[in-house]
Amino acid sequence: MPDLLVSLHSAKFEELRSRRHVAGVSIRPALAPEMALVVDWVREHFSDNWASEVTVAFSRHPVACIVAVENGKLLGFACYDIVARGFFGPTGVSLDARGRGVGVALLAAALEALKADGYAYAIIGDAGPADFYANAAGAIPVPAPDKGIYQGMLRRPKPASDH
Ligand SMILES: CC(C)(COP(=O)(O)OP(=O)(O)OC[C@H]1O[C@@H](n2cnc3c(N)ncnc32)[C@H](O)[C@@H]1OP(=O)(O)O)[C@@H](O)C(=O)NCCC(=O)NCCS
């Protein structure tokens, strides 16, 4: 999967900023006391790797993780500046909350935080849904498909039953 580049000074980014709010949903930086809850949630809904990245996000000050909360329930999260400087991600929204604009609002809030930190561009590392980022933020593939920062990353062996 390619890395994607997003300009934080484009008309498309201004458009994205206008999608930062979702009715009834609080899109805000996570609070330090929420770490265990958010990390467990990310492990349960997504993966161990992402839970590790979220743990790093909580080691930053201010916490580099935005959460989406509705009626006291966590709907999604987005981290930034974790795997490498200027990188966006990981991000995820629970299955039952998808399609309501929460993913875009989290993206907008996290990219805004990167811009406030002085970045002119953000990188979406190893982007899964490239169309989502292209449509929401005008992201374009970085033309370096062969090697990325994740190359050689340690991974848990798959259980024998998967072979
Ligand atoms: C990608 C993800 C965060 C989007 O969250 P979401 O809350 O459903 O997204 P939104 O409701 O804000 O979607 C807004 C728009 O993006 C589109 N979209 C959503 N997911 C998409 C996808 N996987 N691919 C392409 N477009 C997508 C929606 O159709 C919608 O389009 P519209 O503005 O024309 O109506 C969510 O699908 C998810 O958690 N996926 C699994 C984890 C993942 O892949 N994370 C990204 C890793 S790089």
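The values are calculated or read from the model by the stated rules, or taken from the named source; none is laboratory data. Owing to the predicted nature of the structure, the values given are computational and were not obtained by experimental measurement. Glycine gets a Cβ as well: all are built from the backbone with ideal geometry, and neighbour counts include every protein chain shown. Just so you know, the surface numbers come from the protein's heavy atoms only, side chains and all, with ligands and any DNA or RNA stripped out. Shrake-Rupley method; radii C 1.70, N 1.55, O 1.52, S 1.80 Å.
Tabulated data
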{"read-out": "The chain, accessible area per residue, ligands and nucleic acids excluded (1.4 Å, Å²)", "value": "56 Å²"}
{"read-out": "Helical contribution to [θ] at 222 nm, DSSP H n ≥ 4, -39,500 (n - 2.57), averaged over the chain, rounded to 500", "value": "-9500 deg cm²/dmol"}
{"read-out": "Kirkwood hydrodynamic radius (C-alpha pairs) into Stokes-Einstein, the range 4-149, 4 °C and 1.567 mPa s, D in µm²/s", "value": "86 µm²/s"}
{"read-out": "Cross-link partners of Lys12 among lysines (Cα-Cα below 23 Å; sequence separation of 8 or more within a chain)", "value": "Lys115"}
{"read-out": "Spatially proximal aspartates and glutamates relative to Lys73 (Cα-Cα < 19 Å; intrachain offsets below 8 disregarded)", "value": "Glu34, Asp40, Glu44, Asp96"}
{"read-out": "Centroid-to-centroid separation of the range 50-111 and the range 1-46 [C-alpha atoms, Å]", "value": "4 Å"}
{"read-out": "Accessible-area composition of the range 4-149, carbon plus sulfur, in percent [1.4 Å probe]", "value": "56 percent"}
{"read-out": "Per-pair calculated FRET efficiency, R0 = 25 Å: Asp96 and Ala130 via Cβ, rounded to 0.05", "value": "0.55"}
{"read-out": "Distance (nanometres) between label positions extended 7 Å along Cα→Cβ at Ser59 and Ala144", "value": "2.4 nm"}
{"read-out": "Qualifying trypsin sites (Lys or Arg not before Pro) for the range 50-154 [loop in DSSP, other Cβ within 10 Å: at most 11]", "value": "Arg85, Lys147"}
